[in-house]
Structures are given as structure tokens and as C-alpha cells.
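What follows is a single structure, written as C-alpha cells, with notes after it.
What follows is calculated from the coordinates using simple rules that are stated; it is not laboratory data. Everything numeric here is computed off the predicted structure, so don't read it as measured data. As a convention, Cβ positions derive from the backbone with ideal geometry for all residues, glycine included, and neighbour counts pool all protein chains shown.
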Amino acid sequence: MNRTLIESIHARRVWDSRGRPTVEAEVRLRGGAFGRAIAPAGASRGMHEAIDLRDGGPPLGGMDVRNAVSHVNGEIATRLIGMDAQDQRAVDAALIALDGTPTKSRLGGNATIAVSMAVLHAAAAAAGVPLYAYLSQGRPVRLPLPEIQIFGGGAHAGRRVDIQDFMVMALGARSFAQALDMTAEVYRAAGRLMEESGRLQGVADEGGFWPAFNSNEEALGMLVRAIEQAGYVPGEDVAISLDVAASEFGRNGRYTLGLERRELDRDGMVEMLLDWCQRYPIASVEDPLAEDDPEGMRAFTAAVGHRIQVIGDDFLVTNADRVRAAAQARHCNAVLIKPNQAGTVTETHAAFEAGMAAGFGTIVSARSGETEDVTIVHLSTGWDAGQLKVGSFSRSERMAKWNECLRLEEVLGSAVFAGREVLPPQAGLPLP
Ligand code: 2PG
Ligand code: MG
């Protein structure tokens, strides 16, 4: 009997952090090993990412996933039972072939990623090691430098402000645990400042404070004050990281800032961001221009890429070919890695490897709709990605990931924290 052959696969409908249904998959191997994973869900989604299959119709605003769940329990289980869970590549190739579409639109990327990750967990369990160790195969790994949201905006906060994520990176931290301690102080200070100025209105989808600001830039000013009030030097101890998520408000080279009632063209948008990078301690900017604006991405990267991390998220959708093309054309210098954008672990890993080969920064990332699933923590550590983005410093679907990192750091030791060396040396210092 081969103990790592898949014996059974079962999916059920569970609920995510926005109270929407999602797909949980469980895989059992002949030797008894077991793996489980839950698909996350994005709100600001790239147009080329794997499709989250939703049922449509009146119930739950069309967001139900009964079809995706039955695809797992039906066709997918029938196809994968008897395959070797240790051969992730073959399992994922079978999922891709069975689906037969470029975007997993038939079976659902939510169905395929839940199964693919559950198979990975089962294989690690059969090997008797934690998932990160199964992935690293003895190669040296590091705990990632976290980017942690303080204010949530964009599609995660009713578009109250245009910019989606105002985050911090604890550049001065010497361990993952210390990075969390420092971020916790900044988060607390930000909460206090919001309260004092009469703006405390709860939190957005990923646990960052609800952005009751009059301009996008006001959030930057408040973030710098929060860093200072927490006792840190902005740009040295703690720097700012932005996810502009510009595809949400930009098309065809035009950008509409709803909060400020103004429209910018590509050059205007690049100019505004450059100005921010000159006046604020910004270390990293994600999707500064829209997914349909490679020219804008290239212009921004040409201006700041030697000093600041420029990440492609919607722009690259965790796709290896897109990462290679972007590296060639210098559209950005870092890639966000989201397993459910690709739809299988193997495709996610291929995008990650393409980023590594290009000398890109690599940031494993959660989605705005999350659960207690902590698979991405093990991917970021086991693949030695160097960075991890999970959302803010509240709400248990976020804290579950940070806490899992602490457990791994206890095993690995704080000497293996990636820290600020994953960023360009001058990241965080205002541009001259
Ligand atoms: C992003 C993510 C996480 P969403 O844009 O990077 O912040 O958001 O999951 O909604 O795409
Ligand atoms: Mg993003």
C-alpha cells in the first residue's frame, strides 16, 4: 500500500471574515495523513486572476459557493483519488486539465485552490513535518518581514478613501516578534490619534482603522504621527507601505480620485505618487498604476525603483508569464503572491520562482476575505519569500497568521528573520 495516495476528498461550505460562504477542502491519504485548507476571497480583484465560482441568484447576494463545493465532491474527487499527494505538480496538472479553462472558470479557482492546498497539507502530514519544513526540504529559510495595515481604504472601506492599504513595515525590527511589538504600538497610537480627532469609526475589512479622512494624503500624515507617537523614527525604525490598488479607480490611463473629486491622467498620477515618496517615508508601493497601464507602471518604477519596492498585484495576478514579461519590461520590481489568484499551488510557486529569477521582491499575501487558514504563513517561510502581507493587527483571521509566524519563529529562532535586507537599502528614506 502506498501511504501517500489520496484516499478521499471532501469539501464543505464554511464562512469567511466578511460573512460570505467559501470552500473548505479536506484530503485524506491511504496511510491516514490528513490535510485541510480554505479558499480566501478578494474584493479588489485583478481582471486576469482565477475565477471565484459563485452561484449567483438572490441568496446571499449571489455569493454562494454550492456549485464549487459540489465540483470538489464530484468531478475533482473522482479524478484525484488514487493520485500521489507527494506529486503536487501532477495533482495540480490534473486539476488544470479537468477544469479546461484559462481562468478556472468552470470548476472555480476557489474549488481548485482549496483542494490543491489541502493536498499539500496532507503530503506534509504524511512526511511527519510542519508544512514550511516540507516545502523548504532542508534549505535555509527565514521568517518574513511583515507589512501590516493601519488604515484600510478603497474597496475594503466603501471607497471612503481611494488608496486601499496604508501599511507599515518595521524596518528596525531584529525578529518577527519584535516587528509585531513595534506594529502593535503604531496601531495603538493610530487608534488614539483617530479617537482624539473624533475620527474613530471602527475598522475596515482587513482590521485597519476606518479611514475617515478628507484627503488620501491626510492618512499619510496621520500615519507618520502614529509612528512618531509610538516612539519610532519614521523611515528608519518603521516605514510606510502603500497598496494603491489603482485598478479600482483607473482605466485607460485616467484615474478618478473620488474622495478629492479630481481626475488625473497617467502623468498626473505618477507625479502625485512621486511627490508622496519625496515627502513621506515610503518603502514600498503596490499597484501604483492600473492593471491596464503598463506604461504608467514602467514610468513610476523608472523614477523610484532603485530606492523603493514597486509591487505588481492585480498587474501580475500571480502568473509566471506575466512576472517574466514585467521583469523584461521593468514594469515593477516585486511581485505579490496570492495562491487563489493562480488557482493551484504549483502555479503559485511558478510565479514565485519567476519573481526570484528576476531578482524581484516576493511578498506572499492574504486576501481581504480570509479565515483561520494559515497556509500562506508556511508558504512565505518555507519558500523563503522574505515578506508577508496579511492585513491589519486586529480580527482573528489576521492575527491567526501573525500568531502562526510566532510559533515558527520559536522553532527556527529569531536569527532567521528576513528583516529590512529584503528591501532596497534606501527604502523608507524620502526620495531626494
Ligand atoms: C490586495 C488584497 C489584500 P483583495 O489588493 O492586495 O489587501 O485585497 O484581497 O481584496 O484583492
Ligand atoms: Mg493589492
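Worth a mention:
- Remark: the LEU60-ALA325 segment gains 91.5 nm on full extension, using 0.36 nm per residue and subtracting the alpha carbon distance.
- When the Gaussian network model of the chain links Cα atoms closer than 10 Å, the mean-square fluctuations of PHE360, PHE166, PHE213 top out at PHE213.
- Distance from the alpha carbon centroid of region 200-253 to that of region 125-199 works out to 13 angstrom.
- Integer Hz, Karplus 6.51/-1.76/1.60 couplings in order for region 67-80, x for Gly and Pro: 5, 4, 4, 6, 5, 5, 5, x, 3, 5, 4, 4, 6, 8
- Where labels lie 7 Å past Cα in the beta-carbon direction, separation of ALA302 and ILE81 in nm: 5.8
- Radius of gyration and maximum dimension Dmax of region 168-220, Cα, Å: 12.5, 36
- Spacing of the modelled spin labels on ARG159 and GLN426, each 7 Å from Cα toward Cβ, amounts to 3.7 nm.
- Gaussian network model of the chain, Cα within-10 Å springs - most flexible of PRO211, PRO288, PRO130: PRO130
- Kirkwood hydrodynamic radius (C-alpha pairs) into Stokes-Einstein, region 354-432, 10 °C and 1.306 mPa s, D in µm²/s: 114
- GNM flexibility winner over the chain from ALA400, ALA246, ALA418 (Cα, springs under 10 Å): ALA400
- Cα convex hull volume per residue for the chain (Å³): 125
- P(r) of region 187-334 over all Cα-Cα pairs, binned every 5 Å from zero, in whole percent: 2, 9, 17, 20, 19, 15, 11, 5, 1, 0
- Candidate lysines for bridging to LYS389, where Cα separation is under 23 Å - those fewer than 8 sequence places away on the same chain excluded: LYS338, LYS401
- Computed from label points 7 Å out along Cα-Cβ, the spacing between ALA415 and THR103 is 4.9 nm.
- Reported to the nearest whole Å, the Cα centre-to-centre distance from region 1-39 to region 363-408 is 19.
- Tilt relative to the chain, helix 345-357 - C-alpha long axis, 0 to 90 degrees, to 10: 40
- Ellipsoid semi-axes in whole angstrom, largest first, where each is sqrt(5λ) of the Cα gyration tensor of region 2-141: 26, 16, 14
- Dividing the C-alpha radius of gyration of region 63-160 by 2.2 N^0.38 Å, with N its residue count, gives 1.38.
- Helix 266-279 axis, angle to the chain major axis (alpha carbon atoms, nearest 10°): 70
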